[in-house]
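Quick notes on the structure that follows.
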């Protein structure tokens, strides 16, 4: 397993007016991503992740059941199958955030993880769901039920945390305890208080757990909801909390970073946070 990994994320604006059909949105967003996927493959990217619900707009400001039609099975739906082909073509691990249909009427905010040979490894389902104005996620998603899995890929151990999850350090710690080398956090987050937190929480997770974090956010405004500007600013941060690479605030972009996974051992041997944990004193964390 290589110690140096070339990783990348893609941030994009939604491609169509929201009046378009779900199938039109899916096709447009996939077609918009393909040139960036191919660009990543030609640059030798080994790990790639897209933004939250990448096949369409962030539809959760509405409570319109039309958007249930965006959901598709994972892994047997067309989008996951297509990304397996690209993963194999470019020998690249791909994290695919998607609206999942588990069964009719049961939907999850999910990310499929595909290994570099095109093998589907499994999925993470978003555990923490906001239910506030502009973010009516409990109308669209059931809370995740798969815990905090870490996937052993050809290039390292990959964890996933999705958007609102990032406000909860507990799951971020679980991903560290489960062996993550890097955690991808695909998001759809708008300007306001969250932009300030965007620069704090995930570097803190990286430091507390001694792993890399890749934070992905979409760009642009999405009418008719206009809940705010999706401010992009996707980035990679290392286990010392240092910013390695950061994307623009408002441009479609492929952000590539070279990560040295040897730094994980270096940091954990220096800052012995895992050794010095006292889980027997943390009972309040799981008290109902």
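Observations
- Residue selected from region 118-158 under the condition closer than 13 Å to residue 96 by Cα and touching a residue at least 40 places away in the same chain (Cβ under 8 Å), by the criterion surrounded by the most Cβ atoms within 10 Å (Cβ to Cβ): 158
- Residue within region 195-205 that is at pLDDT 95 or above, assigned to a loop (DSSP other than H, G, I, E, B), out of contact with any helix residue (DSSP H, G or I) (no Cβ under 7 Å at 6 or more places or on another chain) and under 22 Å from residue 94 (Cβ atoms) present: no
- The condition (being touching a residue at least 12 places away in the same chain (Cβ under 8 Å) and surrounded by fewer than 15 Cβ atoms within 10 Å (Cβ to Cβ)) is satisfied by just one residue among 115, 170: 170.
- Qualifying residue in region 211-230 (condition: in contact with a helix residue (DSSP H, G or I) (Cβ under 6 Å, 6 or more places away or on another chain), touching a residue at least 12 places away in the same chain (Cβ under 8 Å) and assigned to a helix (DSSP H, G or I)): no
- Residue count for region 152-171 satisfying the condition of being closer than 20 Å to residue 274 by Cβ and in contact with a strand residue (DSSP E or B) (Cβ under 7 Å, 6 or more places away or on another chain): 5.
- Inside region 48-72, residues that are in contact with a helix residue (DSSP H, G or I) (Cβ under 8 Å, 6 or more places away or on another chain), in a loop (DSSP other than H, G, I, E, B) and surrounded by fewer than 21 Cβ atoms within 10 Å (Cβ to Cβ) make up a count of 1.
- Residues that are surrounded by 18 or more Cβ atoms within 10 Å (Cβ to Cβ), in a loop (DSSP other than H, G, I, E, B) and without any contact (Cβ under 8 Å) to a residue 24 or more places away in the chain, drawn from region 1-44: 15
The values are calculated or read from the model by the stated rules, or taken from the named source; none is laboratory data. This structure is a prediction, so every number in the text was calculated from the model and none was measured. Here the Cβ is made from the backbone with ideal geometry for all residues, glycine too, and neighbour counts use every protein chain on show.
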